[in-house]
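Some notes on the structure that comes next.
The values are calculated or read from the model by the stated rules, or taken from the named source; none is laboratory data. Keep in mind that this is a model prediction, so the values were computed, not measured. Here the Cβ positions follow ideal geometry from the backbone for every residue, glycine too, while neighbour counts run over all protein chains shown. Heavy atoms of the whole protein, side chains included, go into the accessibility calculation; ligands, DNA and RNA do not. Shrake-Rupley method; radii C 1.70, N 1.55, O 1.52, S 1.80 Å.
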Amino acid sequence: MPVRLPFRPRRDAYPPDLWTKCPGCSEMLFNKQLDKTMRVCPHCSHHFRISARTRIEQLIDAGTFVERDADLQPVDSLGFVDSKPYADRLVAAQLSTGLRDAAIWGIGQLDGRRVSICAMDFWFMGGSMGSVVGEKIARAGEAALAERIPLIIVSSSGGARMQEGTYSLMQLAKTMGVVERIKAARIPYISILTDPTTGGTFASFAVVGDVNIAEPNALIRFAGDRVSAGTIGEELPPGYARAEFWVSHGFVDRIVPRAKLRDEIATLLSFLVAPATALEPPPPTGFSPRSFLSALTGALTGEGSGSMGQTANGAPGASTNGNGSLNGNGTSNGTGESSGDGSGAANQGEASRG
Amino acid sequence: MVDRLLGRAHPEPSQPASPTAAVWAHVQQARNLKRPHTLELLKFMAEEFVELHGDRVFGDDSAIVAGLAKISGRRIAVIGFQKGQDTEENIRRNFGLPHPEGYRKANRIMDLAERFGMPVLTFVDVQGAFPGAAAEERGIAEAIATSIGIMTRLRTPIVVVITGEGGSGGALGLAVGDCVLALENSIYAVISPEGCATILWRSAEQSQQAAVAMKVTAGEQHELGIVDEVIPEPGAGAHTDTAETARRIRDAVNARLDVLTKLSLDELVEARFNRYRAYGPYTVADRPAAPAERPGLGDKLRGLLPGRPSVPQMLGTRRNGQPGRGEE
Ligand SMILES: [Zn+2]
């Protein structure tokens with residue numbers, strides 16, 4: 001049963017002549033007005049959840065966003081059935097959101113600066129991270145690496161998608177592997193945590209930004225309510241695990257209201273610039289995150305590791321283009337054109353086992 | 001079919017009545033309190049073991065143990081989850097549910113291993129990280145994410161052995177490696193069957209179905225490519241013969257390390273990165289869902305304007321694959 005996707009999310013088409021009740025202050029808000037305030041309540045500042053596409057429209061300069069990999073399609077690799085088959089849930093989510101899965105990524109300009117951005121969409125199965133979402137985040141990161149442009153990820157997610165089983169769990173390692181390479185290459189990574197950011201999304205790329213920014217009152221936590229309530233019967237105080245809680249506990253840098261988010265990111269990116277010396281290719285190997293780290297670790301371990309310590313300058317196949325990009329699946333997947341080298345390409349086309 | 005997936009010879013004549021019951025029996029076996037955990041296994045596997053304590057930040061987590069071992073003459077940094085085998089020890093070990101300090105201690109030992117050229121061996125047996133406020137507010141999410149990240153790039157071989165329950169991010173925080181081995185009666189899942197049932201079925205009573213649906217058994221995880229090798233358990237299960245279980249694990253780990261230590265560190269880390277980079281099947285649709293992405297979009301005010309068509313235009317987006325059971 002091939003599914004035809006509508007051009008645009010039905011959900012986003014809030015009838016402009018209708019009202020929405022604010023869960024924060026119970027005011028009735030005219031949708032047209034709410035859209036003008038970026039879907040933030042003008043009375044109590046309640047931040048309504050917004051779709052991935054609306055998020056990108058709000059952050060990226062008009063007319064500059066080019067989406068990549070919109071054609072990635074999730075697969076029901078386990079034949080998973082709970083109260084409904086996963087395949088049916090996917091179809092329903094695709095029809096209601098106009099997306100193939102719970103994230104959009106692409107390249108665009110933020111205040112004139114070229115960035116790689118990935119935004120999650122909570123309305124697609126709770127923004128849960130399965131293989132496609134993990135892949136998009138990884139590719140957004142790899143594009144940032146290849147082009148040496150900042151990475152911005154906007155999280156809005158209930159965590160790993162249970163219907164894809166341990167493949168979903170492995171997305172934590174997939175995305176963290178890429179984030180580690182971004183950090184080694186001194187590419188700035190801004191993580192935006194919006195309501196909600198929970199579970200495996202919080203416990204992977206979302207929590208490790210160079211700067212972590214949360215939207216006001218966003219729910220951010222690792223253990224879910226229903227899960228922890230079933231495991232231990234703790235009473236949770238009001239405000240628990242909200243954005244402000246995370247600033248006071250030291251895991252979020254700033255809380256930024258939606259209207260100021262774009263400008264704050266632009267300001268931060270103006271600071272997070274790698275020193276030119278880090279980018280100049282050192283004579284013998286050419287810069288790449290791997291050979292850079294390799295040299296560093298080689299120097300630290302010396303001869304102590306036997307055969308394992310001998311490879312500081314080896315870096316077989318290391319990229320020599322001086323831009324810090326990764327060879328293999330790094331750049332090929334990053335462009336979305338999948339030229340087919342590297343193991344990531346094995347996933348192209350037919351569904352394949354990890 | 002299920003028996004083959006479970007890959008185990010039941011010693012008892014009474015076979016479980018249904019495939020679901022068989023999977024659930026497997027889950028119970030994985031959770032058997034008498035199963036050997038990290039310290040019990042090390043007693044038989046290691047000639048020497050020096051436990052190290054503390055994360056140098058906040059405290060020492062009793063649910064994760066770490067230290068330096070000599071196994072078959074090889075120096076190895078060993079890190080593992082530690083449940084108790086009786087109630088008293090279980091209370092002391094927080095029922096094997098770790099706080100952030102456990103992962104931070106583990107990362108400290110991994111750093112030692114990298115700098116002093118020791119492979120890392122981890123034993124995974126955890127239902128999940130401690131789900132209470134103390135773990136949350138000290139950053140269990142950050143501790144797990146950081147540990148996963150470190151393990152994706154650590155410049156020394158890492159062998160992971162799932163000995164009991166591999167549950168959720170709490171398990172993966174110590175389970176990123178070059179090889180992932182699993183004891184026959186162990187399980188591995190994105191969330192505990194109870195947690196899955198609570199969320200998807202809104203009732204923990206459906207845990208058995210959740211365990212079946214998630215394909216949690218070691219054999220199934222091997223078929224999915226998550227686990228590289230299933231280590232057979234002796235007799236009626238690991239709990240009946242710790243010495244033999246430890247010997248089998250030791251042999252499997254040694255065989256893996258013999259190969260891994262011959263690779264250059266660059267090859268090793270690249271291969272490990274690629275392993276995790278490749279996980280997760282998907283297909284590529286014939287055409288993007290929304291090509292020529294709304295050219296007028298950027299010119300409009302941000303947000304949603306009334307000018308949108310109320311009837312969505314339909315694209316002929318046929319896909320290569322059904323979203324259905326492409327694998328089976
Ligand atoms: Zn309000």
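Summary table
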{"item": "So A:ARG55, is it within 16 Å of the ligand (Cβ to nearest atom), surrounded by 21 or more Cβ atoms within 10 Å (Cβ to Cβ) and within 24 Å of the chain's Cα centre (by Cα)", "result": "no"}
{"item": "Residue count, segment A:237-267 (criterion: in a helix (DSSP H, G or I), within 10 Å of chain B (Cβ to nearest Cβ) and in contact with a Leu (Cβ under 9 Å, 6 or more places away or on another chain))", "result": "2"}
{"item": "Long-range neighbours under 6 Å by Cβ, at least six apart or interchain, first residue within 20 Å of A:ILE255 (Cα to Cα) within segment A:42-59, second near the ligand (Cβ under 8 Å from one of its atoms) and open to solvent by 30 Å² or more (accessible area, probe 1.4 Å)", "result": "A:HIS43/A:CYS25; A:HIS43/A:GLU27; A:CYS44/A:GLY24; A:CYS44/A:CYS25; A:HIS46/A:GLY24"}
{"item": "Of all residues making up segment A:1-40, the number that are open to solvent by less than 50 Å² (accessible area, probe 1.4 Å), within 13 Å of the ligand (Cβ to nearest atom) and either within 14 Å of another protein chain (Cβ to nearest Cβ) or at pLDDT below 90 (or both)", "result": "6"}
{"item": "Breaking point among (1) surrounded by fewer than 23 Cβ atoms within 10 Å (Cβ to Cβ); (2) more than 8 Å from every other protein chain (Cβ to nearest Cβ), for B:ALA106", "result": "(1)"}
{"item": "Output for segment B:248-279, where each listed residue is touching a residue at least 60 places away in the same chain (Cβ under 8 Å), among the charged types (D, E, K, R) and within 11 Å of another protein chain (Cβ to nearest Cβ)", "result": "B:ARG272, B:ARG275"}
{"item": "Condition check for A:LYS183: open to solvent by 10 Å² or more (accessible area, probe 1.4 Å), assigned to a helix (DSSP H, G or I) and at pLDDT 95 or above", "result": "yes"}
{"item": "Scan of segment B:40-61 for residues that are closer than 30 Å to B:GLY139 by Cβ and open to solvent by 40 Å² or more (accessible area, probe 1.4 Å), ordered by number", "result": "B:PHE49, B:VAL50, B:GLU51, B:LEU52, B:HIS53, B:ARG56, B:VAL57, B:PHE58, B:ASP60"}
{"item": "Filtered residue count, segment A:65-91, keeping only those that are closer than 26 Å to B:ASP286 by Cα and either within 16 Å of the ligand (Cβ to nearest atom) or not in a loop (DSSP other than H, G, I, E, B) (or both)", "result": "13"}
{"item": "Within segment B:8-30, considering residues that are surrounded by fewer than 16 Cβ atoms within 10 Å (Cβ to Cβ) and in a helix (DSSP H, G or I), the one modelled with the lowest pLDDT", "result": "B:PRO19"}
{"item": "Matching entry among A:ALA103, A:ALA62 (being crowded, with 20+ Cβ neighbours inside 10 Å and either of a type in the set (Gly, Ala, Ser) or within 16 Å of the ligand (Cβ to nearest atom) (or both))", "result": "A:ALA103"}
{"item": "Within segment A:92-111, tally of residues that are under 30 Å from A:ARG148 (Cβ atoms), outside any strand (DSSP E or B) and among the aliphatic types (A, V, I, L, M)", "result": "2"}
{"item": "Matching entry among B:GLU142, B:GLU137, B:GLU114 (being among the acidic types (Asp, Glu), free of Cβ contacts under 8 Å to residues at least 12 places away in the same chain and farther than 30 Å from B:HIS26 by Cα)", "result": "B:GLU137"}
{"item": "Some residue of segment A:113-133 being open to solvent by 40 Å² or more (accessible area, probe 1.4 Å) and of a type in the set (D, E, K, R)", "result": "yes"}
{"item": "Options B:ALA175, B:ALA189, B:ALA213: the member that is in contact with a Ser or Thr (Cβ under 7 Å, 6 or more places away or on another chain), farther than 21 Å from B:LYS34 by Cβ and within 8 Å of chain A (Cβ to nearest Cβ)", "result": "B:ALA189"}
{"item": "Odd one out for A:ARG49 among (1) away from the ligand (no atom under 16 Å from the Cβ); (2) of a type in the set (Lys, Arg); (3) more than 10 Å from chain B (Cβ to nearest Cβ); (4) not in a strand (DSSP E or B)", "result": "(1)"}
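Conditions (1) under 12 Å from the mean Cα position of the chain (by Cα); (2) facing chain A (nearest Cβ under 7 Å), marked per residue:
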| site | (1), (2) |
| --- | --- |
| B:ALA171 | yes, no |
| B:GLU184 | no, no |
| B:ILE199 | no, yes |
| B:ALA204 | no, yes |
| B:ALA218 | yes, no |
| B:GLN221 | yes, yes |
| B:ASP228 | no, no |
| B:ALA238 | no, no |
| B:GLU244 | no, no |
